[in-house]
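Readers should treat all values here as calculations from the given coordinates under stated rules, not as data from a laboratory. Since we're looking at a predicted model, the values are computed, not measured. Neighbour counts are summed over all protein chains in view; Cβ atoms, including those assigned to glycine, are modelled from backbone coordinates with ideal geometry.
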Amino acid sequence: MMRRLARRLAWSAFVVWATVTLAFVVSNVLPQDPARMIAGAQARPKDVERVRAQLGLDRPLYVQYTTFLRRLVHVGPALGASRPEAHATCGGAGPLHVDLGTSYQKRKAVVALISDALPRTLFLAATATLLQLVLGVASGTIAAAKRGTVWDRGTVAVTLLGISVPTYMIGILLQWVFADRLRLLPLDGYGRTPLEHVTSVILPATTLGIFGAAWYTRLVRDEMIELLHQDHVRTARAKGAGRLAVVVRHALRNALVPLVTVVALDFGGLLGGAIVTESVFRWPGLGSLGVGAVLDRDGPVILGSVLVTAIVVVVMSLAVDLAYPLLDPRVRAR
Amino acid sequence: MRSIPGSSALLFAAFSGALAALSGCKAGDLAAPLPAAHADDPAPRRGGILRLSSFADIRVIDPANVADGLVPEVNNVLFAGLVDYDEAGRVVPDLAERWEVLDDGKRFRFVLRRGARFHDGEEVTADDVKRSVERALGPGAPNPYASFYESLVGFAAFQSGKEDALRGVTVEGRYVVDFRLSERDATFLPVLALQPLRPVCRSAGRRYSDAWTPCGAGPFRFVEGGTEHGRHVSVVRHEGYHKPGLPHLDGITWTFLVNLATERFKFERGDIDVLHDFLQADVTRLVRDPRWRPFGAFDVERQIGGESMNTEIPPFDNVEIRRAVAAAIDREHYRLVRPANIRPFGSPVPPAVPGYDPAAPVQRFDPAAALEHMRKAGYPYDPATRTGGWPHPIPYYVYRTGLAEYTAQILVQELARIGLRLEIHVVNYPTYIAFTGRRGKAPITSYGWQQDYPHPHDFFDPLFHSHSIAEESSNNTAFYRNPDLDDLLDRAKRELDPAAQKVLYAEAQRIVCDEAPWAFTHTFRFYDVHQPYVRGYRPHAVWTHRVQESWLDRTGADGPRALLDHGRREALGALLGSARDARGRR
Amino acid sequence: MTRRARLLRHRGFQIGALLVLALVLFAVLGPIVATHDPLESDFVRGLDAEEMPVGPSRLFWLGADRLCRDQFARLATGARVSLVIALLATLLSTTLGAAVGIAAGYTEGERVRVPVTSIALTAGAIALLAAGRPRLAASALGAAALGLALGRRGPSLPVDLDALLMRGVDVLLAFPFLLLVMAVGAAFESTSVVTILVILGLTSWLGTARIVRSKVLSVRRLEFVVAARALGQTTPRILLLHVLPNVAGPIAVIASVSVAQMILSESVLAYLGAGLAPPTPSWGKMLFEGQDFFTGAPWMLWAPAAFILASVLGFNLVGEGLRDALDPRE
């Protein structure tokens, strides 16, 4: 067991390294010039060249790459209020430093940019995931249990709508109804107090959750329909267990197995991919940071956000693999 | 029992109904303006926070690194320069009370106003001017405009680090500072009035560094903690500002990255005071809305747009083909892509630039002439049979914007009528920038030029002078080379007499309109509306949203609360809204 | 009752099939029926007095778009593009995702012998990709797969196929979508239906692979699969007869959802500068263009939205019917 876990962790480290390296290679192979993006489209060539030299972008790629890796995790003095120039862009705990360099465009430490954005993104992603999970499981279960009735068909119809309407339209509509007309919730932003954070997260989380809930409803319904046919569920029924008890105890629990995979997948996706929602509701998250970096060709921020996304994906994937045996007795039995 | 399609049709109907309600209500245009309290009284009132917003964001607040198109708006209220521009784009004194031109135009002597103070309370002296210039032009500064100042004596040696001080800037007394140029330069004053060399506090240090709290001598000062990177910025009145009685406002806040629809919601409910970014359907109607017309204004046109033709790549190495393109485009059609903002325009310098000559020749739409040019080029095209013309498809590069992607589709239709077949390639912005500036890459691209400073040189020199050609990052995207034009532009740059300068630029305009390295098509002018209670707000020739002299004239003792009585807010919303306003005023 | 009979009597399937048929007919006949050229602007009749595009009328059945082109003609032409992209991309991503998911799930915890030649060719493909030769890389990868399918002979190495595939999925999941889009765009330097299929195909199979793998993990421990293995049935036979039918349900659901997502993704690609090059119309792109006008010319939004919704509905109902008909237990 321990050996398995160690192997799995080694693979995880490899995935993170491979993703970051791939991002480094791809962004440098593209026909784009970071120095020009910093200096501006109208900058004169000599100003572009000076900016290039200042940031060391004229050095060979392997030098830039090894510099990045060397600085990524290193040892230095404990980071207090005052810090030496050489460690101005570091984050970390005690003598262990993490340094992702300085954003070309915003001239701020990437570590600081990410540590601002990450908690907010986690907050939004967690809220949205919770919302879609609760909605999706509840309505999927009801639809499956009442298969063929108005309930079922209505649910399916709603999910079709939820899947086929673009996020932008859902976001604007929710914003217009609940924030502009009814004035129940803030239009956008993140707020300043905990209460405001909570009221601010409702609309963006719902916008994201509508698609997710529709998608989970379909999955849960389908899975449950299949499971309700299976032997052990039929047996339980034959033994006289109540209808609801059967649905919840036997079928729902088994339906959770594939759902866990999907939830983990979506959670990772929401961390970096809620770009439209983040922009409609001006949510200061990781998605807009990463996309902005790619569009501005801001190398350090690209690598920083890829690193964070890769770590989240790896952790989620690990968590799912560890959760299977707990959820599915058939896997545990092995 | 309802079937699935039945219920979803119903749902779809409900959804479209909601959307239609949304659009229907909005089609009724913007809500009514919120009136000023004393509309007839021209005297400025003191107090209040002006709230602005944008869909974009800013990168760095530092005059030595003006890195995006939005931040000049913020820099302008924080940093005052030796000289500034007036509303018509002429250079006027600011921190310097006067200047003299010496040594046949090669030395500028500035005499500083006494008693002007930085935000930290220190007086602005000649030493501060020199220190700030050296900080902005030093070897470590990322300043994208540094080379604009290369005519200063000793610039190259200082910037490469060979010399420790910039010889061209000398302190001649506590309030006197000299700028010496290596040659006469008509663009020096306009370039000095830009932001990069504006004096900054001593805390900024002698050399550029990223860790800095913005501090200058402008009418507003930066609030520590009043900003969150790229999301909002708050500034408050600088009590030691040198212009008596100014500013009227207590402060200004900017909110960035606001979605276009949200900006409109916020403006309608009085959460922001000026609306600058619009959904296209909104602005098209808004410019015609009689309720809002008195409070709307077109910004000065500061950018030109056109089709840049690479004179080194066939078929555009043939001047007749270029002339054909310039004559084939009905610029009125380009306007329809965004009727509120685009104006057809057939020459390289926007009309608001001082020295613009309305009598100089321009390019015009003339389909018959276009076909004639194609014939002269050796590729005659018969529109009736649709035969002839240039035999190969021509790649045309644009990036995805609200604009170029659509003008491209018009261009394809227009050029098809003279026998040129374009193939649109939409690439991402960084790639587009790389391709357009790369020699031998793009035969024809959609291109525009945004005014850096209001002088014809800023348009002619980078776009058409042969010294602006480079293998990569070329500003001269047409790779156009004409010794006569080079000579003309060099002479105009050294010519300090406005009348003589105007003659030279009129001739330059004649040459580029005739030889057509570009088909000039349009200018873009921004539109904005402000609530009537925003007073003293006027478009400026150079600066967008120059609000340091505006004031607020809201109804009631306390503006934002008065808005609540506007009869539009429901109880809960009012509660939330006033709490938000109260914070905004802090 | 035979499967076919069951399928044809399925009420949802009947309606769905009718819808899909209608859309296909629209794609085929629409451009012929349309009274306008989809690429031709009519600046004279396409604008109203306020210089906004005109709404639905006798002349423009579904209104005009922002360049005064006929929306009906554009939707009809766009139907061909969008339906082809949605179906092919779904087919591509579902097949790829299901194949990888089944391979990974079925071999979990075991080592598979992979021919050395296939490993070498895969490494070569990665090198070629890094060197900016995507087409050569693709053929090398194809050869590697072929070697994998045929190669029982020759030297081989034991490989943890599950770990390799799933960690590869992780890398691609963590890799920024936009950067991938840019990379594909740069490799081809022009956008066509093929590039869009490559992009959508490369990015959308990852989730399918994960879900299918998780299903296979439980399915392969069911009694009949274990029994089949013990009886010495060949792997392809077990996969085809026992595993595939049991994971078909989730695959059908994913595929039917993904048809809609593909149409919408295509509009996202347009937004990122990698969509179909204009002036070619597609539904996703038209929907995207309509956003800037929803306050003044709502038909630019709802006309494409209605077609997208209709196709989603149609394909979902067909998918549902197929799933019910193929269900091994009924």
Size of charge dipole - the range A:11-110 - debye, nearest 20, with Cβ of Lys, Arg +1 and Asp, Glu -1, no other charges: 220 debye
Sequence-separation-based contact order of chain A, relative, with Cα cut under 8 Å and 6+ spacing, percent: 23 percent
Helical segments meeting 18 Å axial Cα length and Kyte-Doolittle -1.0 threshold in chain B (DSSP H): B:4-27, B:498-515, B:571-585
Peptide C:8-20, shielding by other chains (average Cβ, 10 Å cutoff): 1
Nearest 10 degrees, 0 to 90: helix A:286-296 Cα axis against chain A principal axis: 40 degrees
Pairwise label distance in nanometres, B:Glu97 with C:Ala5, each label 7 Å out on the Cα-Cβ vector: 10.6 nm
Inter-label distance for C:Asp48 and B:Ala211, nm, one decimal - labels placed 7 Å from Cα along Cα-to-Cβ: 6.0 nm
Residue-count net charge about B:Leu415 - beta-carbon cut-off 15 Å; Lys, Arg +1, Asp, Glu -1: -1
Mean projected area in nm² (Cα convex hull; one quarter of hull surface) for the range A:93-184: 10.8 nm²
Only Lys, Arg (+1) and Asp, Glu (-1) charged, at Cβ; the protein assembly as shown dipole about Cα centre in debye: 5280 debye
Only Lys, Arg (+1) and Asp, Glu (-1) charged, at Cβ; the range A:113-332 dipole about Cα centre in debye: 1000 debye
Average other protein chain Cβ within 10 Å of Cβ, residues A:103-112: 4
Linear extension gain, B:Asp490 paired with B:Arg439, 0.36 nm per residue minus alpha-carbon span: 16.0 nm
Cα shape, the range C:232-291, gyration tensor, a/c 1.5 rule: prolate
Nearest-0.05 FRET efficiency for A:Arg83 and A:Thr21, computed from C-beta distance (R0 30 Å): 0.55
The range B:303-524: relative contact order in percent, alpha carbon pairs under 8 Å with at least 6 residues between: 35 percent
Filter on A:Lys106/B:Lys266; B:Lys130/B:Lys502; B:Lys162/B:Lys493; A:Lys106/B:Lys162; A:Lys46/B:Lys243; A:Lys46/A:Lys106 - keep pairs with C-alpha separation over 31 Å: B:Lys130/B:Lys502; A:Lys46/B:Lys243
Computed E for B:Ala56/A:Arg4 - FRET, C-beta separation, R0 51 angstrom, nearest 0.05: 0.50
Centroid-to-centroid separation of the range C:286-312 and the range B:368-384 [C-alpha atoms, Å]: 40 Å
Environment charge at B:Arg438 (Cβ cut-off 12 Å; Lys +1, Arg +1, Asp -1, Glu -1): -1
Percent RCO, i.e. relative contact order, over chain B, from Cα pairs under 8 Å lying at least 6 residues apart: 20 percent
Computed label-point distance, nm, for sites C:Arg111 and B:Ala39 using a 7 Å Cα→Cβ extension: 8.6 nm
Rg and Dmax of the range A:1-93, Cα atoms only, in Å: 18.3, 61
Rounded to 5, percent antiparallel among DSSP beta bridges of the protein assembly as shown: 85 percent
Paramagnetic reach from B:Arg46 in the range B:239-256 [backbone N under 20 Å; point 7 Å along Cα→Cβ]: B:239-253
Positive-end residue of A:Pro84, A:Ile172, A:Leu228, charge dipole of chain A with Cβ unit charges: A:Leu228
Label-zone membership for the range B:132-147, site B:Ser182, 7 angstrom Cα→C-beta point, backbone N under 13 Å: B:147
Proximal aspartates and glutamates to A:Lys108, defined as alpha-carbon separation beneath 17 angstrom and excluding residues fewer than eight positions away on the same chain: A:Glu85, A:Asp99, A:Asp116, A:Asp296, A:Asp298, B:Asp57, B:Asp62, B:Asp68, B:Asp210, B:Glu224, B:Glu228
Values of log10 I(q)/I(0), in the order q = 0.06, 0.09 Å⁻¹, for chain B under a Debye, Cα-only, solvent-free model: -0.37, -0.81
Scaled radius of gyration (Cα, divided by 2.2 N^0.38 Å) that the protein assembly as shown gives: 0.98
Overall form of chain C per C-alpha gyration tensor (a/c, 1.5; a/b vs b/c): oblate
Of the DSSP H helices in chain C, those whose Cα atoms cover at least 18 Å axially and whose Kyte score averages 1.0 or more: C:11-33, C:71-106, C:116-130, C:134-150, C:161-174, C:193-219, C:244-271, C:299-326
Among beta bridges that DSSP assigns inside the range B:303-524, antiparallel share in %, nearest 5: 65 percent
Backbone N under 17 Å from the A:Val73 label point (7 Å along Cα→Cβ), restricted to the range A:1-27: A:6-21
